[in-house]
Amino acid sequence: MSTTQKPYHFLIRRVHSLLGLIPIGLFLTFHMILNLTARGGAEKYDRVINTMRNFPGIFIVELLIIFIPISIHAIYGTWVVYTGQSNVLRYKYARNWFYIIQRISGLYTVVFIIIHVYLLRFGEANFAALQHFVSHPLGLIFYALGILFAIFHFVNGLWAFAITWGITVGPHSQKMWLYSLAAVFMLLSAIGLADISAFLK
């Protein structure tokens, strides 16, 4: 990489990191909490979804806050995976494993989002459709892994975000941040799996 390219590469990495938190991470959290309405039954869930879909200007909001940021994050993230080099077999440290799982979870999440959006946008976006999909063992596994990988990718990304932006600069702050992120992962995972379980009734 030439000297003139380095500032642009630095900026792209910062944008990629920031998009992972705002708006993608915030949307992920909001989306899972919203889906808890499924635990109130099909009628309540469908009513909430229809309200969201009929919200004035929802397509513009989704395009600017969801689709474009996710596309940018996914395209650059895929390039990072393609050009990155893992040394997990040489140095079997925990962070090396997190490095490779972060890449795997990112790729899986991209596929998961594409299929999830396709089902909702070009299929029946209602309780019955999702219930039918997860009623099959492979569909259930696909969704469960998609949710857990998406949460892991977000939470592990927060670890890198805090270091990249100079928020956690010492061993103590990094340790406390790690404990906090573990709690966030468990909480979001519980919410995400609770969402799926609502469709299994």
Name the residue, out of I100, I147, I115, that is surrounded by 13 or more Cβ atoms within 10 Å (Cβ to Cβ) and at pLDDT 95 or above.
I147
Considering only region 118-132, state which residues are touching a residue at least 24 places away in the same chain (Cβ under 8 Å) and surrounded by 14 or more Cβ atoms within 10 Å (Cβ to Cβ).
A125, N126, F127, L130, Q131
Which of (1) closer than 21 Å to G25 by Cα; (2) surrounded by 14 or more Cβ atoms within 10 Å (Cβ to Cβ); (3) modelled with pLDDT under 95; (4) of a type in the set (G, A, S) is the odd one out, the single condition G166 does not satisfy?
(2)
Let me spell it out: the conditions are (1) of a type outside the set (F, W, Y); (2) in contact with a Pro (Cβ under 7 Å, 6 or more places away or on another chain); (3) farther than 22 Å from I191 by Cα; (4) in contact (Cβ under 8 Å) with a residue 60 or more places away in the chain, and R14 meets all of them except one. Which number is the exception?
(2)
Report the residue count in region 133-144 for those that are surrounded by fewer than 21 Cβ atoms within 10 Å (Cβ to Cβ), within 18 Å of the chain's Cα centre (by Cα) and in contact (Cβ under 8 Å) with a residue 24 or more places away in the chain.
3
Every listed condition ((1) among the hydroxyl-bearing types (S, T, Y); (2) touching a Lys or Arg at 6+ places or on another chain (Cβ under 9 Å); (3) closer than 16 Å to T109 by Cα) holds for T164 save (3)
What is the residue count in region 169-196 for residues that are surrounded by 13 or more Cβ atoms within 10 Å (Cβ to Cβ) and over 25 Å from H73 (Cβ atoms)?
2
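The values are calculated or read from the model by the stated rules, or taken from the named source; none is laboratory data. The shown structure was predicted, so the numbers you read here are calculated from the model rather than taken from an experiment. Counting neighbours? That spans all protein chains shown, and the Cβs are built from the backbone with ideal geometry, glycine included.
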